[in-house]
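Chemist: Can you read through this structure? Questions will come right after.
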Amino acid sequence: MTYGPEGLMQIPPIRSMVDARKETESVIVGAIDEFLAKTGVKPRDIGILVVNSSLFNPTPSLSAMVVNRYKLRGNILSYNLCGMGCSAGIISIDLAKQLLQVYYFSYCFCIFLSFLC
């Protein structure tokens, strides 16, 4: 699937942190909502969260946004690997794999956003 941000389709382009965060949140929330609806998994059952965005690294982090929005449990293992470039995708997958080998009764959310890598 190919996608171009709405702000970059404007003349002149609209580039702001607020718009980037809003757009990223809508993508992440849409994907998680769809996953939860299809699987029946409850947010409180998620034990591991790994978020990777190759370029966009806002404060507060995208992983904090997911934890707060879905009211994930307080002892969740949350990792934010944003802003580390495209190679962090492989690091994220390996991190999730290794964590699931230790916490094998946990569900893991892995969110990867890649921008023209």
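The values are calculated or read from the model by the stated rules, or taken from the named source; none is laboratory data. All of these numbers come straight from a predicted model, not from anything done at the bench. Virtual Cβ from ideal backbone geometry, glycine too; neighbours counted across all protein chains shown. Side chains are part of the model used for accessible areas, which takes the heavy atoms of the whole protein and leaves out ligands, DNA and RNA. Shrake-Rupley method; radii C 1.70, N 1.55, O 1.52, S 1.80 Å.
Chemist: How much length is gained if the chain between TYR104 and GLU6 is pulled fully straight, taking 0.36 nm per residue apart and subtracting their Cα-Cα distance, in nm to one decimal? Present the calculation step by step, with values, prior to reporting the outcome.
Modeler: Working: separation 98, 0.36 × 98 = 35.28 nm, distance 4.02 nm.
Working it through step by step, the gained length comes to 31.3 nm.
Chemist: Relative to the longest principal axis of the chain, what angle (0 to 90°, nearest 10) does the C-alpha long axis of helix 17-39 take?
Modeler: Rounded to the nearest ten degrees, it is 40.
Chemist: Round to the nearest 10 and report in Å² the accessible area of ILE90, as given by a 1.4 Å probe over the protein chains' heavy atoms.
Modeler: ILE90 has an accessible surface of roughly 130 Å² with all protein chains in place.
Chemist: Here is a follow-up. How high is the relative contact order of segment 51-117, in percent, with contacts defined as C-alpha pairs under 8 Å that are six or more residues apart? Spell out each step's value before the answer.
Modeler: Working: 68 pairs, mean separation 32.8, N = 67.
Relative CO of segment 51-117 lands at 49 percent.
Chemist: Here's something else I'd like to know. Taking H placed 1.01 Å from N in the peptide plane, check which residues at least 5 places from PHE112 or on another chain put their amide H under 5 Å from its amide H.
Modeler: Placed amide hydrogens put ASN52 under 5 Å from PHE112.
Chemist: Give me the extension gain from ASN68 to VAL41: residue separation times 0.36 nm, minus the current Cα-Cα distance, reported in nm with one decimal.
Modeler: Details: separation 27, 0.36 × 27 = 9.72 nm, distance 1.72 nm.
Contour length minus the Cα-Cα distance gives 8.0 nm.
Chemist: How would LEU100, LEU95, LEU72, LEU8 line up by accessible area, probe 1.4 Å, largest first? Write down the numbers at each step before the final one.
Modeler: Working: LEU100 65, LEU95 45, LEU72 15, LEU8 95 Å².
Order by accessible area, largest first: LEU8, LEU100, LEU95, LEU72.
Chemist: If I compute solvent accessible area with a 1.4 Å probe over the protein chains, what percent of it on the chain is carbon and sulfur? Don't skip to the end; give the middle numbers.
Modeler: Working: 4650 of 7720 Å².
Carbon and sulfur: 60 percent of the exposed surface of the chain.
Chemist: Pairing the Cα long axis of helix 88-102 with the longest principal axis of the chain, what angle in degrees results, from 0 to 90 and rounded to the nearest 10?
Modeler: Compared with the principal axis, the helix lies near 10 degrees.
Chemist: If the label point is 7 Å along Cα→Cβ of GLU34, which residues in segment 85-103 have backbone nitrogen under 13 Å from it?
Modeler: So the set is empty, nothing qualifies.
Chemist: Computed FRET efficiency, Cβ-Cβ of GLU23 and MET84, R0 25 Å: what is it to the nearest 0.05?
Modeler: 0.80
Chemist: Hey, another quick one. Is there a quick way to get the dipole size of the chain? I mean about its Cα centre, with the Cβ of Lys and Arg at +1 and of Asp and Glu at -1; what is the value in debye to the nearest 20?
Modeler: Here the size comes out at about 320 debye.
Chemist: Something else: In the chain, if the dipole is taken from +1 on Lys/Arg beta carbons and -1 on Asp/Glu beta carbons about the Cα centre, which of SER78, LEU62, LEU113 is farthest to the positive end?
Modeler: SER78
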